[in-house]
Amino acid sequence: MRRSTTKGFARTSSLLRENIRKAGESRGFAVSRVLTHWAEIVGQDIATICQPVDVSYGRQGFGATLTVLTTGPQAPMLEMQKETLRAKVNAVYGYNAIARLRITQTAATGFAEGQAVFAHKKKPEDKTPSPEIQAEAADMARSTEDPDLRQALERLAANVLNKTNR
């Protein structure tokens, strides 16, 4: 039978965890707000490539560290925007709640969570040119003798005309 090495004592951190959380929330810093309003805080374009996974407090108690999960190709782009992201999160709270931002490419709880898609992208709009635009594009490329080149020029003209009409 294994004997307890703590002799009835508990760690201070486990005893104070709830009090620290309440104190943080009383100052307006609720971790859940970062998680639930992430797209509104950082913008939809950033929210599609990363998500917050952890907020940890340092020993000194001066600001927290926000850990953000992203994929490998997106990490350098987020690294360049680190201070902007930190400023956006702190603007929501009105004070320097987040002192540091850490970017990770693996989930805090394991590797399987890090493979998930962060957000659904909007469906691309229908880019099929109208019959009038297709007829105009065919008329532009009519003088070309090579059929493959003519077809490529028709597609190019249709795309350009369709884009300018949008």
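The values are calculated or read from the model by the stated rules, or taken from the named source; none is laboratory data. Keep in mind that what you see is a predicted model, and the values were worked out from it rather than measured. Note that we place each Cβ from the backbone using ideal geometry, even for glycine, and neighbour counts take in every protein chain shown.
Looking at residue 88 and the list (1) surrounded by 10 or more Cβ atoms within 10 Å (Cβ to Cβ); (2) within 18 Å of the chain's Cα centre (by Cα); (3) at pLDDT below 80; (4) under 27 Å from residue 57 (Cβ atoms), which single condition is not satisfied? The single condition residue 88 does not satisfy is (3).
Restricting the first member to region 66-80 and to residues that are over 22 Å from residue 99 (Cβ atoms), and the second to residues that are aromatic (Phe, Trp, Tyr) and assigned to a loop (DSSP other than H, G, I, E, B), the beta-carbon pairs closer than 9 Å and six or more apart or on different chains are 71/118. Consider region 46-65 and keep the residues that are without any contact (Cβ under 8 Å) to a residue 60 or more places away in the chain and in a loop (DSSP other than H, G, I, E, B). The one that is nearest to the chain's Cα centre (by Cα) is 63. Taking the criterion of being among the acidic types (Asp, Glu) and modelled with pLDDT of 90 or more, the residues of region 126-166 that qualify are 132, 136, 139, 145, 146, 148, 154.
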